[in-house]
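Undergrad: Before I ask anything, here is the structure I am working with.
The values are calculated or read from the model by the stated rules, or taken from the named source; none is laboratory data. Keep in mind that what you see is a predicted model, and the values were worked out from it rather than measured. All Cβ positions, even for glycine, are placed from backbone atoms using ideal geometry, and neighbour counts span all protein chains on display.
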Amino acid sequence: MTKDLEKEVIEKIIPVIRECGQMMLKAKEEDIGSKTEEKGSRHNLVTKYDKLIQEKLKKSLSEIMPDASFLGEENGEQPDIEKGYAFVVDPIDGTSNFIKGLDTSCISVGMTYDAKPVAGLIYNPYKDELFTAAEGKGAYLNGKKIHVNNDAIEDGLVAFGTAPYNPELSEKMFSMVKSYFGKCLDLRRFGSAALDMCDLAAGRTCLYIEPLVCPWDVCAGTIIVREAGGIVTDLDGNEIDIVTKTSIKASNGVAK
Ligand code: IPD
Ligand code: CA
Ligand code: CA
């Protein structure tokens, strides 16, 4: 597939991701709050909307690109995405925000080729913000080109994730976050890894860090940040492996 085709695929996904956003906006409080389930830990919740949106995306994406594999957070069995094209999907990123009515959640659709992120869409229906990127074609917010900012760490906001489903990492995480608190403008914990990456790409923050994330949390965000001129590595500065869980450090390239 050529890069132009990746752009074409994005165009075809846009109406689908917007419809999924409408499902989030119309979600009924009683369906969200009282019908949550736990996945492995009391921190990790799932609602019927996570499942409905994933089903819708799985069906629509298979019509758009029948040969691509589908890796979704709410899948039981996960396909091997090492070779060829795959969609890496988080139907709702920021589920606890969604349950609590914080209006800071999104739908994240990444596309990989041989396990490298090549295109991505992230939609925040509450702000009607649609972020898109395809490799070599730049990153966009509602069709307008975006770029990371130039903030040095002293002048910039640092967003962090708490890796809430891995409490064994909390000491390491809070000591790292504390060291940033000493040097940055201020810290932010928004509750959606995908939106944290979009905020960086849009020049709102200078850094996003988290000690453990899953492929669907950061696949689309990685290509969006890179196409906006930012850098994405693990916390040790190594290339991230999108197929497995990883730590993450996304920066504007200036803030350290
Ligand atoms: C979570 C959110 C959160 C991040 C976690 C993710 P979910 O995703 O992105 O901000 O700290 O690591 O797992 O569970 O809401 O899809
Ligand atoms: Ca997620
Ligand atoms: Ca999710």
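Undergrad: Quick check: is even one residue across region 176-191 within 16 Å of ligand 3 (Cβ to nearest atom) and outside the structural domain of Phe87 (by TED's automatic domain parsing)?
TA: Just the residues of region 176-191 that are within 16 Å of ligand 3 (Cβ to nearest atom), to begin with: 190-191.
Now restrict to residues that are outside the structural domain of Phe87 (by TED's automatic domain parsing): 190-191.
Yes; the residues of region 176-191 include at least one that is within 16 Å of ligand 3 (Cβ to nearest atom) and outside the structural domain of Phe87 (by TED's automatic domain parsing).
Undergrad: So which pairs qualify, if the first residue must be in region 234-251 and under 22 Å from Thr205 (Cβ atoms), the second must be among the acidic types (Asp, Glu) and surrounded by fewer than 21 Cβ atoms within 10 Å (Cβ to Cβ), the Cβ gap must be under 8 Å, and the two must be at least 6 apart or on different chains?
TA: The qualifying pairs are Ile240/Asp234; Thr246/Asp234; Ser247/Asp234; Ser247/Asp236; Ile248/Asp234; Lys249/Asp234.
Undergrad: How do the helices (runs of 4 or more DSSP H) wholly within region 123-230 filter down when requiring 1 or more residues that are within 20 Å of Ile17 (Cα to Cα): which remain?
TA: Details: elements: 170-183, 193-201, 215-227.
In region 123-230, the matching helices (runs of 4 or more DSSP H) lie at 193-201, 215-227.
Undergrad: Something else now. Just need a number here: residues in region 169-180 that are among the small types (Gly, Ala, Ser) and within 14 Å of ligand 1 (Cβ to nearest atom).
TA: The total comes to 1.
Undergrad: Oh, and also: Output the residues belonging to region 181-210 that are within 11 Å of ligand 1 (Cβ to nearest atom) and either surrounded by 23 or more Cβ atoms within 10 Å (Cβ to Cβ) or in contact (Cβ under 8 Å) with a residue 60 or more places away in the chain (or both).
TA: Phe190, Gly191, Ser192, Ala193, Ala194, Leu195, Asp196, Met197, Tyr208, Glu210
Undergrad: Kindly indicate which of Asp114, Asp103, Asp128 is under 16 Å from Pro215 (Cα atoms) and modelled with pLDDT of 95 or more.
TA: None of the other options fit; the residue is Asp114.
Undergrad: I want to confirm something. Restricting to region 185-222 and keeping residues that are aliphatic (A, V, I, L, M) and more than 15 Å from ligand 2 (Cβ to nearest atom), which single residue is farthest from Leu102 (Cα to Cα)?
TA: Filtering region 185-222 for residues that are aliphatic (A, V, I, L, M) and more than 15 Å from ligand 2 (Cβ to nearest atom), the one farthest from Leu102 (Cα to Cα) comes out as Leu185.
Undergrad: I would also like to ask the following. Name every residue in region 151-180 that is surrounded by 14 or more Cβ atoms within 10 Å (Cβ to Cβ) and acidic (Asp, Glu), in order of residue number.
TA: Of everything in region 151-180, just one residue is surrounded by 14 or more Cβ atoms within 10 Å (Cβ to Cβ) and acidic (Asp, Glu), namely Asp151.
Undergrad: Filter region 15-33 down to residues that are out of contact with any Phe, Trp or Tyr (no Cβ under 8 Å at 6 or more places or on another chain) and assigned to a helix (DSSP H, G or I) and give me whichever is nearest to Leu141 (Cα to Cα).
TA: Pro15
Undergrad: Could you pull out the residue among Thr162, Thr222 that is more than 13 Å from the chain's Cα centre (by Cα) and polar (S, T, N, Q)?
TA: Thr162
Undergrad: Now a separate question. Could you grab me the full set of residues in region 71-97 that are within 16 Å of ligand 2 (Cβ to nearest atom) and in a strand (DSSP E or B)?
TA: Scanning region 71-97 gives Leu71, Gly72, Phe87, Val88, Val89, Asp90, Pro91, Ile92, Asp93.
Undergrad: Being surrounded by 18 or more Cβ atoms within 10 Å (Cβ to Cβ) and within 16 Å of ligand 3 (Cβ to nearest atom) is the filter; apply it to region 53-73 and report the residue that is nearest to Lys12 (Cα to Cα).
TA: Leu57
Undergrad: I'd like the full set of residues that are among the polar types (S, T, N, Q) and touching a residue at least 24 places away in the same chain (Cβ under 8 Å), limited to region 154-180.
TA: Listed by number, the residues that qualify are Thr162, Asn166.
Undergrad: Now for a different question. Can you confirm whether region 91-104 contains a residue that is free of Cβ contacts under 8 Å to residues at least 60 places away in the same chain and closer than 17 Å to Pro164 by Cα?
TA: Yes: region 91-104 contains one or more residues that are free of Cβ contacts under 8 Å to residues at least 60 places away in the same chain and closer than 17 Å to Pro164 by Cα.
Undergrad: Given the structure, is Ile223 of a type in the set (Val, Ile, Thr) and either surrounded by fewer than 20 Cβ atoms within 10 Å (Cβ to Cβ) or out of contact with any Ser or Thr (no Cβ under 6 Å at 6 or more places or on another chain) (or both)? Give the steps one after another, and end with the answer.
TA: Working: of a type in the set (Val, Ile, Thr): yes; either surrounded by fewer than 20 Cβ atoms within 10 Å (Cβ to Cβ) or out of contact with any Ser or Thr (no Cβ under 6 Å at 6 or more places or on another chain) (or both): yes.
Taking the combined requirement at face value, the residue satisfies it.
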